[in-house]
Structures are given as structure tokens and as C-alpha cells.
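What follows is a set of notes on a single structure, which appears directly below.
Derivation of every value follows stated rules applied to the coordinates shown; laboratory data play no part. Here the structure is a predicted model, which is why all the values come from computation and not from measurement. Methodologically, a virtual Cβ is constructed for each residue, glycine included, from the backbone with ideal geometry; neighbour enumeration extends over all protein chains shown.
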Amino acid sequence: MRSVYVALLAIGVCCLLSLQSIAQQRQPGGTPLDGLTPAQRLAFNEGSRTFSKRYEIADGLGPVFNDESCGDCHRNGGGSNRAVTRFGRIDSRGGFDHLAELGGSLIQSRGIRSITTADGTHDFVGERTPAAATVTALRRSQPLQGLGLVDAVPDATWRALAQAQLEADPSTAGRVNIVLDLTTGRAVAGKFGWKAQVPTLQQFAADALLNEIGITNPLFQDEACPQGDCRALDFNPAPAMNDDGRDVEGLADFMTMLAPPARGPITNDVIAGEQVFMQIGCGGCHRPTVRTGPSPVSALNGVDFHPYSDFLLHDMGSLGDRIAQGQATGLEMRTQPLWGLRNANRFLHDAAAASVEEAIRRHDGQGRPSRDQFVELTADRAAQLLAFLRSL
């Protein structure tokens with residue numbers, strides 16, 4: 001009888017260990033890169049918990065914000081149709097005014113509601129687009145998978161890509177958005193965000209913590225003034241710096257070691273469709289392969305990856321969102337990576353396209369020549385191209 005009990009206990013322990021193993025593989029925030037060291041896997045897991053953390057008022061949430069957790073908009077590290085609103089005004093000289101005095105350009109749509117202090121009571125409510133705004137734009141949440149690979153690409157690579165495009169065809173050439181790295185104080189290549197307005201994953205994490213959740217941190221120490229009214233911050237229940245940098249680092253670690261999205265089945269139509277993709281010029285901007293530089297993470301060190309993007313700014317004409325950020329004009333958008341496209345059900349920066357085909361047909365500006373060639377494709381070749389795109 002004792003031997004039976006021991007056997008059953010052993011089976012139970014094995015089952016428990018198997019379940020724990022499965023749970024570790026299926027992190028709530030996403031899947032880690034292959035080949036991580038135990039220390040790197042631990043850092044990824046800790047970052048995943050920060051990614052899924054729900055901030056509360058006591059943590060510094062708000063006083064105006066868009067959501068309580070990174071995972072709300074980027075489920076499993078992917079994107080979603082959750083969108084934020086940006087606004088501004090075109091001034092008399094044709095320049096873009098962010099209307100910072102009215103809370104621009106990003107709207108924080110929620111508030112922590114009524115707060116009472118010794119000085120009285122203030123009701124923090126979500127911001128709204130002010131009447132002075134002449135430009136508004138929606139931007140949906142982008143996937144985070146594979147961004148550690150992008151972060152590991154040297155600036156020289158992005159500059160070389162832009163130069164090669166300029167030499168090959170100036171009419172469709174992209175350019176690097178030069179932005180400020182707040183950690184080093186240097187002007188560097190932007191890679192992240194719809195306008196390539198953010199240079200590193202660390203700065204991306206810090207920016208999102210402040211502007212989407214309201215968590216101040218070492219890189220962004222000042223709260224956003226609700227609707228531009230900085231006097232309202234006198235009622236901020238958590239005026240001290242909310243994060244000492246640990247959450248920023250955790251989020252950066254998580255994104256750095258988050259695996260790229262898995263590719264779908266490669267059929268004959270998919271193979272033929274990629275040839276069509278290249279023949280009509282889509283691969284000029286949606287570059288299939290990029291190589292990382294040196295990295296302390298071996299899984300990111302000198303490896304080829306396949307984002308289908310050059311991460312450069314291109315003039316997209318009517319498809320631009322009219323919001324200027326850094327050197328990016330209102331007509332320019334960063335080439336959106338196509339990996340993970342098969343997981344999306346809405347497309348373009350504002351989620352306005354309901355299908356891949358509609359998104360292609362709406363390409364304008366420097367994307368128009370490829371769009372025009374797509375329109376002229378035979379039904380069979382168009383179907384092959386779409387099969388390829390749906391495999392990404």
C-alpha cells in the first residue's frame with residue numbers, strides 16, 4: 001500500500017512540475033526569445049509581471065491617464081485596436097502647434113476622479129479635444145513583439161538604409177527621424193512609435209509609463225498637466241516621483257527579450273506572393289530582413305530578423321495623420337512592420353482599414369506607386385500577395 005501511495009505522489013509531483021513548466025512558458029505578457037540565460041529569463045519574467053501590473057492611485061496612477069496597465073492595450077505583448085487620440089493646430093505659417101497649454105498633443109482620456117486635500121476638492125476627469133484643435137488623429141496600440149531586435153540595430157544601419165534608398169530612387173526614399181536620447185543626451189535614430197519618435201526601449205517604457213498611466217520616473221519626472229491646467233496638480237495625491245526606475249527597467253527588459261511574432265504556414269501561394277510583393281516595390285520600404293549589431297544578449301547579437309520594415313519615415317500623403325513629432329512632419333509615418341500582420345483584424349495607424357487589401361489601396365504619397373501596381377495585378381497574383389501578407 002505504501003508503494004502505491006509513493007507512486008501516486010510521484011505522479012502528482014510530476015504533473016505539478018509539468019503544469020508549472022507550461023505556466024512558465026506561457027507568460028501572461030508574452031513569449032520570451034529562445035536562448036536566454038537563466039538570469040535573462042528571470043529578468044524577462046520579472047518584467048512581464050511589471051507589464052501586467054495594475055497601477056493604483058497609491059502607486060501614482062494618473063491623475064489623468066489612459067489605462068492602469070500596459071497589458072490592457074498590448075495583450076500578450078501584441079497590439080490591439082485600442083487607440084489613443086492626438087490633437088493639435090496648424091498655425092498661420094503652416095507649422096504644427098501641439099497646443100501643450102491645452103494638454104496636447106496626447107489626450108489622457110481618464111481621471112482618478114474626486115480628490116480631497118486640506119486645500120479643498122478637485123475632480124480629475126479625462127481630457128477632451130479642445131475647440132482650438134484643427135487636427136485630430138487616432139493611433140492604435142502597436143505590437144511589442146520582437147522590438148528588442150530592432151533596438152539592437154546600430155544607428156549606422158538605419159542611416160545606410162536611408163542612403164541606399166536615396167541612391168536607388170529619391171522619389172520613394174525614407175529618412176531617419178533624429179531624436180534625443182534622454183539617457184545619453186545624444187541625438188540618435190528614432191525607431192519606435194508611429195512617427196519613429198522614440199529611440200530606445202528604455203525611453204519607450206518611461207514615456208508610456210508617464211503618458212499612458214501617469215507614472216513619473218527618472219526620465220519623465222513631471223506629471224502631465226490635466227488639459228494643460230498645471231494648478232490642478234496641487235491636488236495630485238502622489239506628487240513624489242512614482243517609480244524610482246525599477247519599473248522602467250523591468251518593462252525595458254521585458255520588451256528587449258520578447259520574441260517576435262510567429263510566422264504562419266509557408267505554402268506555394270505564400271512563396272509566390274512574396275515574389276509579387278518584391279516585384280511591385282513593397283519590399284523597398286517593408287524591408288524583409290535587417291541585422292542586429294553587437295548585444296550582451298546572445299539571442300540579439302548579430303542576428304538576421306524579418307520585420308518587413310525599414311523603420312524610416314516616408315511621406316504618405318493623405319495617409320499621414322497630420323501630427324508632427326520631432327523631425328517627422330504631419331505627412332510622414334514610420335514604415336509599419338508587417339510581422340504579426342496575421343494576428344490583426346484592423347489596419348493602418350487609425351485602425352480605419354478593415355482588411356489588408358483596403359490598407360494597401362489607401363497607400364498614398366511615396367507608397368502610391370506600389371499601390372497603383374497592386375491595383376493592376378491579376379486576380380491570381382493579388383490573391384498570392386494577400387496570402388503572403390496573411391502569413392506574416
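Under 1.5 on a/c is rounded, so check that first for the chain, then, if it is not, pick prolate when a/b is larger than b/c and oblate when it is not; a ≥ b ≥ c are the square roots of the alpha carbon gyration tensor eigenvalues. The shape class here is oblate. If you take the charge dipole of the chain about its Cα centre, with +1 on Lys and Arg Cβ and -1 on Asp and Glu Cβ, which of 188, 74, 136 is farthest toward its positive end? It is 74, whose Cα lies furthest towards the positive end. Rounded to two decimals, the Cα-based Rg/Rh of the range 42-196, with Kirkwood Rh, is 1.03. The distance between label points at residue 91 and residue 183 comes to 3.3 nm (points 7 Å beyond Cα on the Cα→Cβ vector).
Largest mean-square fluctuation among 223, 332, 274, in a Gaussian network model of the chain whose springs join Cα atoms under 10 Å apart, belongs to 274. Our note on the geometry: Cα centres of the range 239-292 and the range 157-186, 18 Å apart. Charge dipole (Cα centre; +1 on Lys/Arg Cβ, -1 on Asp/Glu Cβ; no other charges) of the range 207-286 amounts to roughly 360 debye. Need one word for the range 171-215: rounded, prolate or oblate. Basis is the Cα gyration tensor (sqrt eigenvalues a ≥ b ≥ c); a/c below 1.5 gives rounded, then a/b vs b/c decides. Since a/c reaches 1.5 but b/c is at least a/b, the shape of the range 171-215 is classed as oblate. Distance distribution P(r), the range 297-392, all Cα-Cα pairs, bin width 5 angstrom from 0: 2, 12, 18, 23, 20, 12, 8, 4, 1, 0 percent. Once the Cβ-Cβ distance of residue 128 and residue 39 is raised to the sixth power relative to R0 = 56 Å, the FRET efficiency obtained is 0.75. Along the axis of the charge dipole computed for the chain (Cβ charges of +1 for Lys and Arg, -1 for Asp and Glu, origin at the Cα centre), the listed residues 324, 178, 254 are led at the positive end by 254.
In this label model, residue 46 and residue 377 are separated by 4.7 nm, measuring between points 7 Å along each Cα→Cβ vector. As a calculated quantity, the FRET efficiency between residue 157 and residue 364 at R0 = 25 Å, using C-beta atoms, amounts to about 0.35. Shown here: the range 173-254, whose C-alpha atoms stretch 49, 28, 21 Å along the first, second and third principal axes, sorted largest to smallest. Note on residue 117/residue 229: beta-carbon distance plugged into 1/(1 + (r/R0)^6) with R0 of 22 Å gives a FRET efficiency of 0.85. Oblate is the label for the range 217-376, because a/c, from the alpha-carbon gyration tensor with a ≥ b ≥ c as root eigenvalues, is 1.5 or above and a/b does not exceed b/c.
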